[in-house]
Amino acid sequence: MVLQNGESNGSFYGQNGVSIEDDPIGDAHVGTSLNTPLRADAFSLPDEEKMKRIEGHFRSIMDILGLDLRDDSLRGTPKRVAKMFVQEIFSGLNPMNKPAVSLFENKFGYRQMLVEKQIRVQSFCEHHFLPIYGKAHVAYIPKGQVIGLSKLNRIVDFFARRPQVQERLTMQIADELSRVLQTEDVAVYVEAYHMCVQARGVEHQESMTITAEYRGAFLTDSVKNEFLQAIKP
Ligand SMILES: [Zn+2]
């Protein structure tokens, strides 16, 4: 491992102080295209401390904008925002909050596609911290085990509750489904509006972004088409 100027910054290194060059695949905390770029020390601060610090910083932002924080309506905002960031909209950053998944033996011998559609997606664009909202549709073809249906919704929700890009969200859901269900035969389709497209920049209200990931049997046209038919509104 060769240290160069500036590389001592923690963000260049993974959990074990191994550089990206030394360990190209081994560390989940190094920002790859699939993993949310998190520092190795992302969870060393307790949530209470994170909220206290965010509250202070958000108060400064409001203050710089010239808002009078003595006003009744604004006084509680920094605290509300801090709590919302840590406990709600970005709670999916913390692996501790990943839904525990219960699998059941596939006693029925069900071997066909299972589709869970119209799963609510509420996420936040990591480039602008503005909402991404829409629907996810997921499917899998069971092997030995089946999953409790609401767990599919919870998996989508967990990965949505992060600063995200829709492409990564789609892949992270597919990966997790594949991992917990122990099958490559998974499909994920996400259709969502991005407030950063609607409310700023080009300000296009109607543009919707669609992303999809097909694996295993879903790469076959007939299976993919069955899925696409099933998720039609
Ligand atoms: Zn954006």
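What the table shows:
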{"read-out": "Test result for residue 148, of a type outside the set (Lys, Arg) and under 25 Å from residue 109 (Cβ atoms)", "value": "yes"}
{"read-out": "Helices (runs of 4 or more DSSP H) enclosed by the range 152-233 - at least 1 residues per element that are β-branched (Val, Ile, Thr), free of Cβ contacts under 8 Å to residues at least 24 places away in the same chain and within 16 Å of the ligand (Cβ to nearest atom)", "value": "195-198"}
{"read-out": "So residue 129, is it within 16 Å of the ligand (Cβ to nearest atom), surrounded by fewer than 15 Cβ atoms within 10 Å (Cβ to Cβ), closer than 27 Å to residue 36 by Cβ and within 22 Å of the chain's Cα centre (by Cα)", "value": "yes"}
{"read-out": "Members of the range 132-151 found to be outside any strand (DSSP E or B) and within 16 Å of the ligand (Cβ to nearest atom), listed by number", "value": "none"}
{"read-out": "Positions within the range 38-76 being of a type in the set (Ser, Thr, Tyr) and surrounded by 10 or more Cβ atoms within 10 Å (Cβ to Cβ), in sequence order", "value": "60"}
{"read-out": "Only listed residue being of a type outside the set (Phe, Trp, Tyr), modelled with pLDDT of 95 or more and more than 16 Å from the ligand (Cβ to nearest atom), chosen from 92, 109", "value": "92"}
{"read-out": "Given (1) farther than 24 Å from residue 173 by Cβ; (2) at pLDDT below 65; (3) among the hydrophobic types (A, V, I, L, M, F, W, C), number of the condition residue 28 does not satisfy", "value": "(1)"}
{"read-out": "Residues that are surrounded by fewer than 15 Cβ atoms within 10 Å (Cβ to Cβ), within 24 Å of residue 132 (Cα to Cα) and of a type outside the set (A, V, I, L, M, F, W, C), drawn from the range 197-233", "value": "200, 201, 203, 204, 205, 206, 207, 232, 233"}
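The values are calculated or read from the model by the stated rules, or taken from the named source; none is laboratory data. The structure displayed is predicted, hence computed values, not measured ones. We place every Cβ from the backbone using ideal geometry, glycine too, and count neighbours over all the protein chains shown.
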